[in-house]
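The values are calculated or read from the model by the stated rules, or taken from the named source; none is laboratory data. Please read these numbers as outputs of a predicted model, since none were measured by experiment. Methodologically, a virtual Cβ is constructed for each residue, glycine included, from the backbone with ideal geometry; neighbour enumeration extends over all protein chains shown. Surface areas here come from the heavy atoms of the whole protein model, side chains and all, with no ligands, DNA or RNA. Shrake-Rupley method; radii C 1.70, N 1.55, O 1.52, S 1.80 Å.
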Amino acid sequence: MDDVLAYCEEQDYVVEKICLYHLSKEAREETLAFCKNFDASLVFAEETSLELTHPLADKGLGLKWLSDYLGLSLSECIAVGDSFNDESILKVAGLSVSMGNGKSEIKSLCDEIVCDNDHGGVAMAIHKFLLGRS
């Protein structure tokens, strides 16, 4: 697509998220430099992707809103993630859990690490931390 912004403006709906995939990390860095002045949250997700979202479309803010809505404290919340687009939610949750295949930076900020996503990591987190089973 030659002009992503023009495409978004032409739609009958609000585009909430754009994922840009690149052939290399260097190409992603060039796109990041181009987009740095956009009024958007820019986050690396997969190996060569860049996610653009509204600045307030943030997983951490979403968890704060949901916990307030449900009458829970953040200390009662568990978040599971594996990449930089999960960083904000992992920082605010009472218990942060990284998938085994998570980025090393994400693993380092988490309280626990479970199996990877191909070996039931989320199920392991649910069983261990919500159901009290091992």
The alpha-carbon center of region 1-70 and that of region 87-103 are separated, in whole Å, by 20
Given [x] 18.5, 62; [y] 16.4, 60; [z] 17.0, 51 as possible values of Rg and Dmax of the Cα atoms in Å, the one from the coordinates is [z]
Extension length gain for Asp3 and His119 (0.36 nm per residue less Cα distance), in nm, is 37.8 nm
Given 122-129, 33-40, the highest-first ranking by average Cβ count within 10 Å works out to 122-129, 33-40
A correct Karplus calculation of ³J(HN,Hα) over region 65-70, with 6.51 cos²θ - 1.76 cosθ + 1.60, θ = phi - 60°, whole Hz and x for Gly and Pro, returns 4, 5, 5, 4, 4, 8
Carbon/sulfur accessible area of the chain, % of total, 1.4 Å probe, equals 53
Scalar couplings 3J(HN,Hα) for region 4-16 by Karplus 6.51 cos²θ - 1.76 cosθ + 1.60 (θ = phi - 60°), nearest whole Hz, x for Gly and Pro, are 5, 4, 5, 4, 4, 5, 7, 6, 7, 9, 7, 7, 8
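Given the Cα-Cα distance of Leu70 and Asp12 and 0.36 nm per residue of separation, how much length would full extension add, in nm?
Working: separation 58, 0.36 × 58 = 20.88 nm, distance 3.25 nm.
Between Leu70 and Asp12, full extension yields an extra 17.6 nm.
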Reported to the nearest 10 Å², Arg133 has, with a 1.4 Å probe, an accessible area equal to 130
Heavy-atom accessible area of Cys19, protein chains in place, probe 1.4 angstrom, given in Å² to nearest 10, is 50
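Rounded to the nearest 500 deg cm²/dmol, what is the calculated helix-only ellipticity per residue at 222 nm for the chain, with -39500 (n - 2.57) per DSSP H run of length n ≥ 4?
On the way: 6 runs with 47 residues, N = 134.
Rounded to the nearest 500, the figure is -9500 deg cm²/dmol.
So what is the accessible area of the chain per residue, in Å², with the probe set to 1.4 Å?
On the way: 8850 Å² over 134 residues.
Result: 66 Å² per residue.
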Which of Lys25/Lys128; Lys25/Lys103; Lys17/Lys59; Lys59/Lys107; Lys17/Lys91; Lys17/Lys103 exceed 24 Å between C-alpha atoms? The answer is Lys25/Lys128
In debye to the nearest 20, the charge dipole size for the chain, taken about the Cα centre with +1 at each Lys and Arg Cβ and -1 at each Asp and Glu Cβ, equals 740
Of Ala45, Ala79, Ala27, the most mobile residue in a GNM of the chain (C-alpha springs, cutoff 10 Å) is Ala27
